[in-house]
Amino acid sequence: MDSFLPNILNCINEGIVILAEDLSIIYWNPFMEKLTKKKQDEVKDTKIEEALPYLNRNFFHSAVDKVIAGGTPVFFSAAMHRRMISENHKVNLKMNRVSNRDGAAILLEFIDVTNQFYQISQLRDYVRQLSHLNIKLQQKEKVIEKLAYYDKLTGVANRALFDKFADKYLNLAKRSGHVLGLMFVDVNEFKAINDTFGHNTGDKVMTRVASLLTESTRKNDIVCRYGGDEFLVLMPDITSYADYQRVAKQISRNKKKHIIQDGYRISLSLSTGVSFYPDDGETIDDLIAKADEIMYADKHGSRQN
């Protein structure tokens with residue numbers, strides 16, 4: 001080996017090993033010493049499989065035969081061969097045939113990719129953390145949306161969500177020529193329920209009213225808690241009076257009934273009023289005002305009865 005060649009190989013930041021054809025070690029550079037903790041003096045003239053026991057495998061000897069016979073380079077990846085150097089180091093191995101004065105020799109290049117594996121592992125952990133964080137953010141967004149658009153007590157739409165859908169469905173009705181219905185629902189004598197049975201029971205009664213209205217309406221109808229004991233029901237895409245009648249019939253079954261709540265037998269009474277776009281107004285405020293007017297007439301009639 002030329003005298004300047006070891007000086008060159010000593011400067012390379014790869015593990016360089018040169019083998020004779022019988023696989024005895026001719027050269028073992030300083031970077032290889034760093035990787036294996038074995039000095040060149042310890043391994044020189046010994047067989048490579050003694051210095052690196054992992055290479056005492058059929059795949060390695062078969063590759064050596066091919067390299068010597070044909071001169072075609074061979075590559076072993078750290079992903080497939082995880083312990084070529086040690087448990088702690090991940091290396092890729094390149095194998096080439098080289099010529100020297102005494103004939104052929106085998107050049108082994110051990111390329112340390114431990115940091116790359118570590119970085120990939122870190123990246124995978126980071127991606128998993130981002131995925132977990134994204135799920136948590138989506139869950140929080142749902143909670144925030146629920147707080148922003150749904151009544152905390154009853155779970156039905158609040159006025160903010162009602163306004164959002166009301167504008168949407170009113171514009172659709174104007175474009176399509178369909179009728180938009182709006183029902184105003186009031187719980188009669190709700191103050192008396194609170195005073196008699198307590199606010200906790202009153203809250204549960206209000207929640208049951210919201211459930212009754214939701215169960216009585218169609219899939220696309222919007223039930224909204226408008227005030228303390230008042231609800232609005234937005235009914236889009238009414239193509240015939242029969243559409244409204246089906247909803248009204250379902251709600252009318254609950255207009256006067258007795259319910260059992262917290263062990264109390266409570267008389268539940270509802271007053272309702274309905275208005276329609278375009279007959280009863282051009283805006284949502286017009287429709288609410290008209291439905292409210294009819295609801296008060298219904299409430300007055302129920303008191304007389």
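Just so it is clear, none of the values below were taken in a lab; they were calculated from the coordinates. It should be emphasised that the depicted structure is a prediction, and the values quoted were computed from it without experimental measurement. We place every Cβ from the backbone using ideal geometry, glycine too, and count neighbours over all the protein chains shown.
Structure above, values below:
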| quantity | calculated |
| --- | --- |
| Cα gyration tensor, the stretch 4-112 - rounded (a/c under 1.5), prolate or oblate | rounded |
| Separation of the Lys257 and Asn200 label points, Cα + 7 Å toward Cβ, nm | 2.5 nm |
| Cross-link pairs Lys142/Lys204; Lys168/Lys255; Lys47/Lys90; Lys152/Lys249; Lys219/Lys255; Lys191/Lys219 - those with Cα-Cα distance over 26 Å | Lys168/Lys255; Lys152/Lys249; Lys191/Lys219 |
| Placed amide H near Val113: partners under 5 Å, 5+ positions off or other chain | Lys90, Val91, Asn92 |
| The stretch 36-89: C-alpha gyration tensor shape, a/c 1.5 cut-off, then a/b vs b/c | oblate |
| Cβ-Cβ FRET estimate between Lys39 and Tyr126, R0 fixed at 25 Å, reported to 0.05 | 0.05 |
| Option label - percent of Cα pairs over 30 Å apart computed here, alternatives [x] 34; [y] 59; [z] 25 | [y] |
| Under the span-like rule (Cα at least 15 Å along the axis, Kyte-Doolittle mean at least -1.0), DSSP H helices of the chain | 58-70, 114-149, 159-176, 199-216, 241-252, 284-304 |
| Charge dipole (debye, nearest 20) of the stretch 4-112; +1 at Cβ of Lys and Arg, -1 at Cβ of Asp and Glu | 300 debye |
| Shape category assigned to the stretch 150-304 from the gyration tensor of Cα positions, a/c cut at 1.5 | prolate |
